[in-house]
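Asks: Pasting in a structure now, in structure tokens, and then I'll have a few things to ask.
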Amino acid sequence: MQTSRLNHWYILFFFLGIGPLSLLAQDVFPDGTPIPDWFRETTQIPLSELGKQYSITDFGVERDSSLVQTKAIQSVIDLAAEKGGGVIVIPKGVFLTGALFFKQNTHLYLNQGAIIKGSDDISNFPVLMTRIEGESVKYFPAIINVDGIDGFTLTGKGTINGNGLRYWKAFWLRRAWNPDCTNKDEMRPRLLYVSNSKNIQISGVHLMDSPFWTTHFYKCENVKLLNLKITSPSAPVKAPSTDAVDIDVCTNFLIKNCYMSVNDDAVALKGGKGPFAHQDTNNGENRNILIEDNTYGFCHSTLTCGSESIHNYNVLFRRSTVEDATRILWLKMRPDTKQNYEYIQVEDISGTAKSMIFIKPWTQFFNLKGEDDIRKSKASNITMKNINLNCDVVFNIQESDQYDLSNFVFENLKLTTKNSNKQRTEFITGVQLKNVAIKEKDQ
């Protein structure tokens, strides 16, 4: 395993005569609280530590079959669970399936060359209660589903292919016929959905071409995403709403050493929507989120708060390269939802994006549900520092009476941009600009 960047810093500080405890004391979340050691344990769990192995082809599952084999694969998962647990091993080959449901003490491992391929027939996904777009409703499960599990691991060197092309084409055809159709109207599954679970590690695999959101985590704690490749195309057919990672009411969440390039947000923080969302126990906050050492290809935003979000607290996004993002930080402010985004820090970022920070009212599927007054939101203690960026707009921020912005810090920014004289921040209460160098881009 390669030495992490943090270990390089340990060596440097050692030669400078600064002890490791001094360094660790400086590694804190945006509110100043220390980052727990749990976030530094990033070893990928090997197959040998996952328990008894159940290779699916040993139990009647056919390799490279054009037939959907959901029932046969699920029977192997059920057998492992009945016998006290184990790891479901996917050997080299292509295995077509609908929704699979993992149980306590079962894990998933994909060998190199192994492909779990999702069915592009929605009838292979039963309608059931699930969480989607900030609501707990009846909808379709994912290809891989994990609920109420302590200690689930999905790892290996293989691929989960959502096989989304048919769903994407159907979505855009429906949207052409009815521009007001919602993201859920064209029925489609997610690729991975983990809910009500803890101590989760997803590592090593390639997650690609999801029909809907790629990974979605709801009411989870202690989740690690390590060394993943998450992709979906923007051309020739756009893959709509294929967010790489959706974090929904979670605590202690690490995303590290991943590559994300999707036709929507790379990492989106969710938690609920609507005028009474903050009173609904199905909803809640995201807290202690560490996103570091990643690379971003094309995406709508590398980090987004919203569009279904109530409270995001202690989010640290750092040490990453951006190759072709539309936005670095996007705060979606819903006038029908009471939102609070606070203690968010973006630092040590380099690359190319259209906007560094983007804040405007978000009114897609706006619904006050009969209420007369909007729900005013706020964002505070937002820091962006040590950023070297080539972009069209730095501060793409709209002044609005629908939300309050306060205590923003922009520090050590080296930016090349267009129309720098038209970008404003003075309406942010307590805004600080320190060592901000903006060079006008050649037209």
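Asks: With 10 Å bins from zero, work out the P(r) of the chain over every alpha carbon pair and list the percent per bin.
Replies: With 10 Å bins starting at 0, P(r) equals 4, 21, 31, 26, 13, 4, 0.
Asks: Let me ask something else about it. With label points built 7 Å along Cα→Cβ from the Cα atoms of residue 406 and residue 364, find their separation and express it in nm.
Replies: It works out to 3.0 nm between the two label points.
Asks: Separate question: If R0 is 25 Å, what FRET efficiency do you get for residue 295 and residue 43 from their C-beta distance, rounded to 0.05?
Replies: 0.75
Asks: Enumerate the calculated ³J(HN,Hα) couplings along region 120-127 in order (Karplus 6.51 cos²θ - 1.76 cosθ + 1.60, θ = phi - 60°), each rounded to whole Hz, writing x wherever the residue is Gly or Pro.
Replies: Residue by residue, region 120-127 yields 9, 10, 5, 5, 8, 10, x, 6 Hz.
Asks: Taking the Cα-to-Cβ direction at residue 31 and at residue 386 and moving 7 Å from each Cα, how far apart do the two end points lie in nm?
Replies: In this crude label model, residue 31 to residue 386 measures out at 2.3 nm.
Asks: Could you give the length gained on full extension between residue 441 and residue 111, defined as 0.36 nm per residue of separation minus the Cα-Cα distance, in nm?
Replies: Computed gain between residue 441 and residue 111 is 114.1 nm.
Asks: Under a 5 Å amide H to amide H cut-off, with H placed in plane at 1.01 Å, what residues pair with residue 378 once short-range neighbours are removed?
Replies: It is 339, 340, 341, 404, by chain and number.
Asks: Around residue 29, which amide H atoms from residues at least 5 apart in sequence, or from another chain, sit under 5 Å from its own amide H, with H modelled in the peptide plane?
Replies: Amide H to amide H, under 5 Å and 5 or more residues apart or across chains, residue 29 pairs with 35.
Asks: For residue 228, what residues show an amide H to amide H distance below 5 Å, using hydrogens built from the backbone and excluding near sequence neighbours?
Replies: 204, 258, 259
Asks: List, in the order given, every pair from 157/229; 157/256; 52/157; 378/439; 238/360 whose Cα-Cα distance in the structure shown is over 21 Å.
Replies: Listed pairs above 21 Å: 378/439; 238/360.
Asks: Given the -39500 (n - 2.57) contribution per DSSP H run of 4+ residues, what per-residue ellipticity at 222 nm results for the chain, rounded to the nearest 500 deg cm²/dmol?
Replies: Using -39500 (n - 2.57) per qualifying helix, the result is -3000 deg cm²/dmol.
Asks: Using the Karplus curve 6.51 cos²θ - 1.76 cosθ + 1.60 with θ = phi - 60°, work out ³J(HN,Hα) for each residue of region 36-52 in order, rounded to whole Hz, and write x for Gly and Pro.
Replies: x, 4, 3, 6, 9, 8, 10, 6, 6, 5, x, 4, 5, 9, 9, x, 4
Asks: Hey, which of these cross-link pairs are over 24 Å Cα-Cα: 92/169; 103/198; 169/270? Show your work: numbers first, answer last.
Replies: Values: 92/169 29 Å; 103/198 13 Å; 169/270 26 Å.
Result: 92/169; 169/270 exceed 24 Å.
Asks: Also, quick follow-up: Compute the length gained on full extension between residue 235 and residue 176: take 0.36 nm times their separation in residues and subtract their Cα-Cα distance, giving the result in nm to one decimal.
Replies: 19.5 nm
Asks: Now for a different question. Using the Karplus curve 6.51 cos²θ - 1.76 cosθ + 1.60 with θ = phi - 60°, work out ³J(HN,Hα) for each residue of region 155-172 in order, rounded to whole Hz, and write x for Gly and Pro.
Replies: 8, x, 10, x, 9, 10, 9, x, 6, x, 3, 5, 5, 5, 4, 5, 4, 5
Asks: Specify, per residue and in Å³, the volume enclosed by the convex hull of the alpha carbon atoms belonging to region 30-172.
Replies: Taking only Cα atoms, region 30-172 has a hull volume of 165 Å³ per residue.
Asks: I would also like to ask the following. Compute the label zone of residue 350 within region 385-405: residues whose backbone N is under 12 Å from the point 7 Å along Cα-to-Cβ.
Replies: Those under the cut-off are 387-390.
Asks: Which of 411, 41 has the fewest other C-beta atoms within 10 Å, and how do the rest follow up to the most?
Replies: So the residues, fewest neighbours to most, are 41, 411.
Rule-based calculations on the coordinates, nothing more; no lab input. None of these values were measured; they are calculated from a predicted model. Note: ideal-geometry Cβ built from the backbone for every residue, glycine included; neighbour counts use all protein chains shown.
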